[in-house]
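Peer 1: Sharing a structure, written as structure tokens. Questions coming.
The values are calculated or read from the model by the stated rules, or taken from the named source; none is laboratory data. Fair warning: this is a prediction, and the values are worked out from it, not measured in the lab. Every residue, glycine among them, receives a Cβ derived from its backbone with ideal geometry; neighbour counts consider all protein chains shown. Quick note on the areas: whole protein, heavy atoms, side chains included, nothing else; ligands and nucleic acids left out. Shrake-Rupley method; radii C 1.70, N 1.55, O 1.52, S 1.80 Å.
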Amino acid sequence: MQLKDVIESPCGLRYMFDQLDLQSSFGRRSLLDMPMMKNASEIGKCYAVLKSFHDFVLEPENTPYINTLQSKLQCLKDVRTTIRHLGESVVLDDIELFEVKHLAILTADISERLHKLGLDRVIALPDMQNVIAILDPDGLKIATFYIYDSYSEDLKELRALIRKSPDMQEELLLKANEIEDGIRLELSRKLRPFAAEIEQAQRALAQVDINLAKALQMKQLELVFPSVSKETTSYRGLFHPQVKESLAAVGKLYQPVDICFGQRPTLITGANMGGKTVVLKTLTLCQYLFQFGFGIPAEKAEIDVRDEIYFCIGDEQSIEKGLSSFAAEMKNIDAVIKASRKEGNIVAMVDEPARTTNPTEGAALVTALIELLSGKNVSLVLTTHYDIESASSKRLRVKGFVDGQMNYQLVEVKEGEVPHEALNIAESLGIDEEWIVLAKKVVEFDHFK
């Protein structure tokens, strides 16, 4: 699975991607094509590189160097077709030869800058001097391409004759074109052994772009480096950057939460508008960010590596497939169940399953799902407003209203019903007073029946 396959996940991954200050279209494409990492060692190496860039961007005196690097990286183009032609023994035309020369000079320039900044030890760019020598025989170091006179004395003489003999231009131009074609053939032959280095240079420059953008994002959004954990995942001060920004825009503060979960199913209960869905979105977002090497929105994070990530959120009606919200939801959860019976570890975030059906059957489906996935290779976090009895699950509850204000912190509970705070929330929203009063009377009547 690549980043582009999950970029539109409703967890908010698109927001994080769009917030990256990537300078090149090739850097953007390279990140989208990045496969999700499933190995702790690979993830550790990825973060080690990012850590060097993060240390670099944190130093205020490095701002001019950052700006220069970004300016240079804007010149990085996608020349994969040209590189492929080179490997296939195709004679490159002038545009393709220009692309190779431009990339080679850019690589040499950025390589020198990375060396001065001490960043070449984490991203090493290949030596492009041989390529530059082939395409820049006069040593001008100008990122343009031309069939130079220095490639051929015969060509030099013909061009001089063309300038002096206007009446013979057509015949002389034909001869000059033949020589130029021969030079292109020879240049392509000489460049062919360096095809791998040219491709490596393009990939390495994209990594410079990506890591610089990720490091700057970490600084801007106050993200942290996670630790790689085994079996359990925990966060302190967890927040969702997009939701936090939206709240800040209307003068509200985001309340971070703490949470820890692992192989034992974790059940989060609480009234509607209690922040349960935001917690699941944030947990899913962080799992993706972790396995694609981004900074994590928290004060501290320890995350377990998983082979697959599932996010089942309600209200997924599919008009194209003719599925109702309930049917689409059941299909998504069914995929989690099937995956749990295969090899590999998965993490599944399930938001209020079966909430669109009647409470009796809904509670039965949720209870059965928890029991079915207990003891499997699934790290399950599930939210619900149903009263669920499950001895196999860890139970968390949104604190709810405290002193007239909503507290979104999660507290662990051993047993007990889901908090009934819908009326309090409705009242805080300024809903019609008569409606709320009548509803409270009904609740009191049912309580004393």
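Peer 1: Tell me, how many Å apart are the Cα centres for the stretch 175-251 and for the stretch 338-367?
Peer 2: Spelled out, the Cα-based centre of one part sits 37 Å from the other.
Peer 1: Provide the three semi-axes, in whole Å and in decreasing order, of the ellipsoid equivalent to the chain as defined by the square roots of 5 times the Cα gyration tensor eigenvalues.
Peer 2: Equivalent-ellipsoid dimensions as semi-axes: 60, 22, 20 Å.
Peer 1: Something else now. Okay, helix-only estimate at 222 nm for the chain: each DSSP H run of n ≥ 4 adds -39500 (n - 2.57), divide by all residues, round to 500 deg cm²/dmol; what do you get?
Peer 2: Rounded to the nearest 500, it is -16000 deg cm²/dmol.
Peer 1: Is the stretch 229-301 rounded, prolate or oblate when judged by the Cα gyration tensor, a ≥ b ≥ c being the square roots of its eigenvalues, rounded requiring a/c under 1.5 and prolate requiring a/b larger than b/c?
Peer 2: oblate
Peer 1: Here's something else I'd like to know. Take the cross-link list LYS252/LYS300; LYS276/LYS376; LYS331/LYS414 and give me the ones stretching past 26 Å between alpha-carbons.
Peer 2: In this structure, LYS331/LYS414 exceed 26 Å between Cα atoms.
Peer 1: Ranking request for peptides 196-203, 100-107: highest mean number of other beta-carbon atoms within 10 Å first, then the rest in descending order.
Peer 2: Highest mean packing first, the order is 100-107, 196-203.
Peer 1: Between LYS414 and ALA143, what length comes free when the chain is fully extended (0.36 nm per residue of separation minus the Cα-Cα distance, one decimal in nm)?
Peer 2: Separation in residues times 0.36 nm, less the Cα-Cα distance, equals 90.7 nm.
Peer 1: By per-residue mean of other Cβ atoms within 10 Å, what is the highest-first order of 221-231, 127-137, 348-358?
Peer 2: 348-358, 127-137, 221-231
Peer 1: Answer with one residue from TRP435, LEU22, GLY139: the one whose Cα lies farthest towards the positive end of the charge dipole of the chain, charges on Cβ with Lys, Arg +1 and Asp, Glu -1.
Peer 2: TRP435
Peer 1: Another question, if that's okay. For the chain, give me the percentage of DSSP beta bridges that are antiparallel, rounded to the nearest 5 percent.
Peer 2: 45 percent
Peer 1: Taking the dipole about the Cα centre of the stretch 82-219, with the C-beta of Lys and Arg at +1 and of Asp and Glu at -1, give me whichever of ALA206, GLY182, LEU103 is farthest to the positive side.
Peer 2: Toward the positive end, the furthest listed residue is ALA206.
Peer 1: Round to a whole number: what % of the accessible area of the chain belongs to carbon and sulfur, probe 1.4 Å?
Peer 2: After summing per-atom areas, the C and S share lands at 52 percent.
Peer 1: From the square roots a ≥ b ≥ c of the eigenvalues of the alpha-carbon gyration tensor of the stretch 17-100, which class results: rounded (a/c under 1.5), prolate (a/b over b/c), or oblate?
Peer 2: Oblate shape, in that a/c is at least 1.5 and b/c is the bigger or equal ratio.
Peer 1: So which DSSP H runs in the chain come out at 30 Å plus along the axis (Cα) with average Kyte-Doolittle of at least -1.0?
Peer 2: Qualifying helices: 94-117, 169-191, 195-221.
Peer 1: Here's something else I'd like to know. Mind ranking 365-374, 387-396 by how tightly packed they are, going by the mean number of other C-beta atoms within 10 angstrom, highest first?
Peer 2: 365-374, 387-396
Peer 1: Ordering SER234, SER25 by how much accessible area each has at a 1.4 Å probe, largest first, what is the list?
Peer 2: The residues order as SER25, SER234, largest area first.
Peer 1: Can you tell me the equivalent ellipsoid semi-axes for the stretch 106-249? Use √(5λ) from the Cα gyration tensor, largest first, whole Å.
Peer 2: Three semi-axes, in Å: 53, 18, 13.
Peer 1: Subtracting the Cα-Cα distance from 0.36 nm times the residue separation, let me have the gained length for VAL250 to ALA40 in nm, one decimal.
Peer 2: 71.6 nm
Peer 1: Same structure again: Below 28 Å, Cα to Cα, which lysines can LYS190 reach? Residues fewer than 8 away in the same chain don't count.
Peer 2: Cα-Cα hits under 28 Å: LYS72, LYS77, LYS101, LYS141, LYS156, LYS175.
Peer 1: Provide the per residue accessible area, probe 1.4 Å, for the chain, rounded to a whole number of square angstrom.
Peer 2: Accessible area per residue: 51 Å².
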